[in-house]
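The structure appears right after this line, and notes come after that.
The values are calculated or read from the model by the stated rules, or taken from the named source; none is laboratory data. What you see is a predicted model; the values in this text were computed from it and never measured. Reconstructed Cβ throughout: ideal geometry from the backbone, glycine too, with neighbour counts over all protein chains shown.
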Amino acid sequence: MPGAGVPREPIAAPVIAWQRRHGRHDLPWQGTRDPYRLWLSEVMLQQTQVATVLAYYPRFLERFADVRALAAAPLDDVLALWSGLGYYSRARNLHRCAQAVVAEHGGVFPRNAQALAALPGIGRSTAAAIAAFAYGERAAILDGNVKRVLTRVLGFGEDLALPAHERALWQHAQALLPQRGIEAYTQGLMDLGATLCSARAPACERCPLDAACVARLEGHPERYPVKTRRTQRGSRHNALLWLSHADRVWLTQRPPVGVWAGLWTLPLFDSAPALQALIGPWPGKSDGLPPIDHALTHFDWRLEPWRHQLPARLSAVERRGIEAALPAGRWFTLAEALALGLPAPIRKLLQAAY
């Protein structure tokens with residue numbers, strides 16, 4: 001029966017024992033109770049693979065060693081270091097949160113999950129993870145991996161697209177918390193979801209919860225979790241103008257909200273004909289480049305780059321006329337451009353010429 005929510009035997013003890021013996025122990029954000037480092041790792045790991053975060057985490061800490069350094073930095077610097085990690089709203093919320101911790105809490109993170117969750121960009125699960133690892137608080141987490149583990153163990157087959165069912169799963173997660181060993185238990189659930197209890201072809205025979213797992217006994221663990229409401233993916237098609245003059249490229253900054261908010265990018269046009277109509281009268285040479293297919297959360301984006309190289313000898317009048325016709329922006333050398341916050345496909349395109 002879906003949604004039973006009571007395992008036949010306690011799950012905390014086998015999870016803790018498994019984590020201590022087989023779980024992950026060498027990640028750079030483990031072995032610390034510094035809430036700043038824990039918070040940074042939790043935000044980076046949202047919707048991003050561990051292997052990717054491993055490259056960004058140390059660079060970020062080298063530049064922003066603590067929450068005060070992050071709060072004092074310009075947002076452009078934060079976005080530049082985040083460039084390529086994706087889901088850029090996380091970087092903007094990270095910056096806002098750091099400023100709130102400094103302004104409202106004297107640079108010290110709150111010591112409980114409820115207060116942490118009141119900060120910008122920190123959801124309930126992230127707050128609980130920080131509180132558990134930094135302060136040993138008994139607080140339940142429920143990220144995507146943990147939802148998969150718990151719905152399978154409990155045989156929780158209710159539709160998590162409905163808020164009432166999501167709240168019910170939170171209640172079960174809280175009820176399952178151990179009195180001791182919250183850090184190993186929390187990390188163990190994360191590790192199980194990341195390594196054994198995968199969305200497809202879970203390694204049930206190696207799982208410490210196989211005897212208690214309802215989905216394992218049913219023989220169909222891949223049916224859990226249930227979430228029927230899906231966002232329909234859309235598609236977009238735009239043209240990109242890679243305009244060069246001497247050793248510089250023209251970049252524009254995206255608005256503070258929307259796709260690629262706050263990032264610097266090549267000018268976007270609704271279509272290649274619209275772009276070509278603009279650059280047609282300009283001196284220099286134009287070339288079409290291979291299209292770029294870029295997948296975002298809710299839509300697939302085909303970007304059609306066109307490169308136009310203006311002649312080195314360009315009169316001031318001609319240059320000002322071209323700049324006036326362009327979307328608002330400025331010239332950057334390639335080195336300067338690559339130091340900015342750039343969307344991943346734009347960075348890759350420009351790096352090819354560096």
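Of the residues making up the stretch 313-345, those that are touching a Phe, Trp or Tyr at 6+ places or on another chain (Cβ under 8 Å) and closer than 20 Å to Gly86 by Cα are Ala337, Leu338, Leu340, Gly341, Leu342, Pro343.
Could you tell me whether Arg90 is basic (Lys, Arg) and within 11 Å of the chain's Cα centre (by Cα)? Criteria met by Arg90. Candidates in the stretch 167-207 are the residues that are charged (D, E, K, R) and free of Cβ contacts under 8 Å to residues at least 24 places away in the same chain; of these, the one that is farthest from Ile11 (Cα to Cα) is Arg200.
Selection of the stretch 57-74 for residues being more than 13 Å from Cys97 (Cβ to Cβ) and surrounded by 18 or more Cβ atoms within 10 Å (Cβ to Cβ) yields Tyr57, Phe60, Leu61.
Does Trp82 satisfy being closer than 20 Å to Ala128 by Cα and surrounded by 19 or more Cβ atoms within 10 Å (Cβ to Cβ)?
No, not satisfied.
Scanning the stretch 213-236 for residues that are surrounded by 14 or more Cβ atoms within 10 Å (Cβ to Cβ) and either assigned to a loop (DSSP other than H, G, I, E, B) or small (Gly, Ala, Ser) (or both) yields Cys213, Ala215, Tyr224, Pro225, Lys227. Checked against (1) under 28 Å from Gln253 (Cβ atoms); (2) surrounded by 14 or more Cβ atoms within 10 Å (Cβ to Cβ); (3) within 20 Å of the chain's Cα centre (by Cα), Val101 passes all but condition (3). Of everything listed in (1) within 30 Å of Arg313 (Cβ to Cβ); (2) surrounded by fewer than 20 Cβ atoms within 10 Å (Cβ to Cβ); (3) modelled with pLDDT of 95 or more, the single unmet condition for Ala239 is (2). Only one of the listed residues (Ala127, Ala91) is at pLDDT below 95, on the phi < 0 side of the Ramachandran plot and buried (at least 21 other Cβ atoms within 10 Å of the Cβ). That residue is Ala91.
Which members of the stretch 211-254 meet the condition of being β-branched (Val, Ile, Thr) and touching a strand residue (DSSP E or B) at 6+ places or on another chain (Cβ under 7 Å)? Can you show your working first?
Step one: list which residues in the stretch 211-254 are β-branched (Val, Ile, Thr), which gives 214, 226, 228, 231, 249, 252.
Correct list: Val226, Thr228, Val249, Thr252.
Of the residues making up the stretch 138-166, just one is under 15 Å from Trp39 (Cα atoms) and surrounded by fewer than 24 Cβ atoms within 10 Å (Cβ to Cβ), namely Asp143.
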